[in-house]
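These notes concern the structure reproduced below.
The values are calculated or read from the model by the stated rules, or taken from the named source; none is laboratory data. Just so you know, these numbers come straight off a predicted model, no measurement behind them. With ideal geometry, Cβ positions are generated from the backbone for all residues, glycine too; neighbour counts draw on all protein chains shown. For the accessible areas, the whole protein counts, side chains as well, though only heavy atoms, and no ligand, DNA or RNA atoms are used. Shrake-Rupley method; radii C 1.70, N 1.55, O 1.52, S 1.80 Å.
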Amino acid sequence: MKRCCPAGWRGPSLTRTAARCALLLSAVLTASACGGGPVVEPPRDGRCDDADPWHWAGLASDALHTRTFRTRAMYDLDEAERAVPFAPGPCEACEAVVSYPAPTRHPGGPVGLGRLRDRSYVYDNALYALLRTAEGRQSSARAVLDTLVALQRPDGAWGFSFAIAEDGFYNVGYVRTGTVAWVLYAMARYEARFGGGRYVASMRRAGAFLLARADPQHGLLRGGFGRWSQDGARFLPMDAPTWASTEHNLDAAFAGRAASAVDPDGLYPDGVELAGRVAARLYLADAGHYARGLQPNGPDRVVALDSVGTWSALLDLARGDLERALRGLEAVDRLLGGRDGPWRIWRPGDEHAADTWFVEGSVARAIALGRADRRGAALDDLRQLGRWACAGGVPLTYASRWARDFPVTPAVAPTVWFVFAARELVGGHGPELWNESLRADGRNR
């Protein structure tokens, strides 16, 4: 799950960039402390009260845009902020998704946020390709996946985000295992739908990277490479996290399962085995939900929306554990549920004090409820998302009020999740995202 961390982007200058990012993060945090209600309010004339989620899902899908990506000289920054060249592979007819197409649509954001228009996040490209694949739009999916092939690191991973044009900053050193898993998943789903083997070589490199992240002590995949200092002033590209994220590992479980199905001769994480490790090592029985991850000294008990019971509920349902999935969904409501003005919200987690609605992370709640035969509650969630799209416009806005890493900005990630939820719950398409079986007995759900 991508956080909109402005520290992942840079301006044209190579000097003092980390300091500027730290200032921007402070500005976002300051903005979130202001009083008042949510930035996005339903229109007073009531025209969004009965917004049809299927109609708005169609508009939301159409609102996702790409821009041409041309191979050029690119660079990263080392710890001393010196340019490190990166040579992308060849890329013809390539495109990149515009992750935040209208960053200043809603008031209250920090100065300079508009520069996000040229930034593209790897996770968003994977999501976009997954959606276009599900919609049967092969050329659109292929155009962004080809870009990702060109940007793949020699070790099979991807950096976090890149400039679509102009300044060629590509945050190659900031690697997250979950992001790599999402790209692998998108490529595998493309191969399953269209065939041809176009992405098998890239998939195998990604699979090798993921397998190399397995901790020899517990078998879970570690976080990747690179981290920001606590004050946001320094990026440490060579730092290798010792922690394992619940989110990253469930991402990799689904990706490994999907990749193995289309490329049985390739080496990928065993999805069933990895899902079993997540369930055995990361579940907090006393709390009734999953830990955020595993640190060297034990479980990370910080409450986070995706690991507590939205994304993890989908993992449990894929494993055939309905009871645990429902406990996780209950924990989400109990620990992170609330209201922000007219909106029922689910906060990002303990580390974020602001009562902002983390839209992307909460959409999986609707999908999980639907798969758990709680259709009424699932449709309630989906209808609110339709009202949210109507009130704030499309693409959907990432959060309901400004908070660090959670901007009130139209964004690809919540939009794609919303479209998938609508397609599954009211569009007649059935499950299309994370619908692989991860049951140890080999049975389908």
Options 385, 433; residue that is touching a residue at least 40 places away in the same chain (Cβ under 8 Å), under 19 Å from the mean Cα position of the chain (by Cα) and not in a helix (DSSP H, G or I)
433
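Can you tell me how many residues within segment 271-301 are open to solvent by 50 Å² or more (accessible area, probe 1.4 Å) and touching a Gly at 6+ places or on another chain (Cβ under 6 Å)? Lay out the reasoning, then the answer.
Step one: list which residues in segment 271-301 are open to solvent by 50 Å² or more (accessible area, probe 1.4 Å), which gives 273, 277, 280-281, 285-286, 292, 295-297, 299, 301.
In the following step, the residues that additionally are touching a Gly at 6+ places or on another chain (Cβ under 6 Å) were identified as 277.
Adding up the residues that qualify gives 1.
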Determine if segment 395-412 includes at least one residue that is at pLDDT 95 or above, more than 16 Å from the chain's Cα centre (by Cα), in a helix (DSSP H, G or I) and surrounded by 24 or more Cβ atoms within 10 Å (Cβ to Cβ).
no
If I ask for residues that are of a type in the set (A, V, I, L, M), over 17 Å from residue 192 (Cβ atoms) and out of contact with any Gly (no Cβ under 9 Å at 6 or more places or on another chain), which ones from segment 418-436 would you list?
426
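Every residue, every condition in (1) of a type in the set (A, V, I, L, M); (2) more than 16 Å from residue 403 (Cβ to Cβ); (3) out of contact with any Ser or Thr (no Cβ under 7 Å at 6 or more places or on another chain), yes or no:
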position	(1), (2), (3)
310	no, yes, no
317	yes, yes, yes
325	yes, yes, yes
329	yes, yes, yes
333	no, yes, yes
337	no, yes, yes
341	no, no, yes
347	no, no, no
If residue 307 passes every condition in (1) loosely packed, with under 15 Cβ neighbours inside 10 Å; (2) within 25 Å of residue 323 (Cβ to Cβ) but one, which one does it miss?
(1)
Neighbours by Cβ (under 8 Å, 6+ apart or cross-chain): first from segment 181-207, under 15 Å from residue 264 (Cα atoms) and open to solvent by 10 Å² or more (accessible area, probe 1.4 Å); second of a type in the set (D, E, K, R) and part of a loop (DSSP other than H, G, I, E, B):
191/198; 191/263; 200/263; 204/263; 205/155
Identify the residue in segment 208-224 that is over 14 Å from residue 270 (Cα atoms) and of a type outside the set (Lys, Arg) and, among all such residues, is surrounded by the fewest Cβ atoms within 10 Å (Cβ to Cβ).
216
For residue 124, are the conditions met, namely being in contact with a Ser or Thr (Cβ under 6 Å, 6 or more places away or on another chain) and acidic (Asp, Glu)?
yes
With under 17 Å from residue 120 (Cβ atoms) and over 21 Å from the mean Cα position of the chain (by Cα) as the only criterion, which of 192, 165, 201 stands out?
165
If the Cβ limit is 9 Å and pairs must be 6+ apart or interchain, which residue in segment 296-324 that is under 17 Å from residue 280 (Cβ atoms) pairs with which residue that is open to solvent by 20 Å² or more (accessible area, probe 1.4 Å) and polar (S, T, N, Q)?
318/435
Which residues, counting only those in segment 334-357, are surrounded by 15 or more Cβ atoms within 10 Å (Cβ to Cβ), outside any loop (DSSP other than H, G, I, E, B) and either free of Cβ contacts under 8 Å to residues at least 24 places away in the same chain or in contact with a strand residue (DSSP E or B) (Cβ under 6 Å, 6 or more places away or on another chain) (or both)?
336, 337, 345, 346, 349
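Does residue 327 satisfy the criteria of being in contact (Cβ under 8 Å) with a residue 12 or more places away in the chain, open to solvent by 10 Å² or more (accessible area, probe 1.4 Å), over 28 Å from residue 391 (Cα atoms) and over 20 Å from the mean Cα position of the chain (by Cα)?
Numbers: in contact (Cβ under 8 Å) with a residue 12 or more places away in the chain: yes; open to solvent by 10 Å² or more (accessible area, probe 1.4 Å): yes; over 28 Å from residue 391 (Cα atoms): yes; over 20 Å from the mean Cα position of the chain (by Cα): yes.
Considered against the rule, which asks whether it is in contact (Cβ under 8 Å) with a residue 12 or more places away in the chain, open to solvent by 10 Å² or more (accessible area, probe 1.4 Å), over 28 Å from residue 391 (Cα atoms) and over 20 Å from the mean Cα position of the chain (by Cα), residue 327 comes out as yes.
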Only one of (1) open to solvent by 20 Å² or more (accessible area, probe 1.4 Å); (2) of a type in the set (Gly, Ala, Ser); (3) in contact with a helix residue (DSSP H, G or I) (Cβ under 7 Å, 6 or more places away or on another chain) fails for residue 129. Which number is that?
(1)
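Look through 424, 432, 436, 360 and report the one residue that is acidic (Asp, Glu) and open to solvent by less than 10 Å² (accessible area, probe 1.4 Å). Step through it out loud before you land on a result.
Values: 424 fails: open to solvent by less than 10 Å² (accessible area, probe 1.4 Å); 432 fails: open to solvent by less than 10 Å² (accessible area, probe 1.4 Å); 436 fails: open to solvent by less than 10 Å² (accessible area, probe 1.4 Å).
Within the list 424, 432, 436, 360, the selection yields 360.
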Quick one: in segment 72-86, of everything that is farther than 15 Å from residue 165 by Cα and part of a loop (DSSP other than H, G, I, E, B), which residue is least open to solvent (accessible area, probe 1.4 Å)?
78
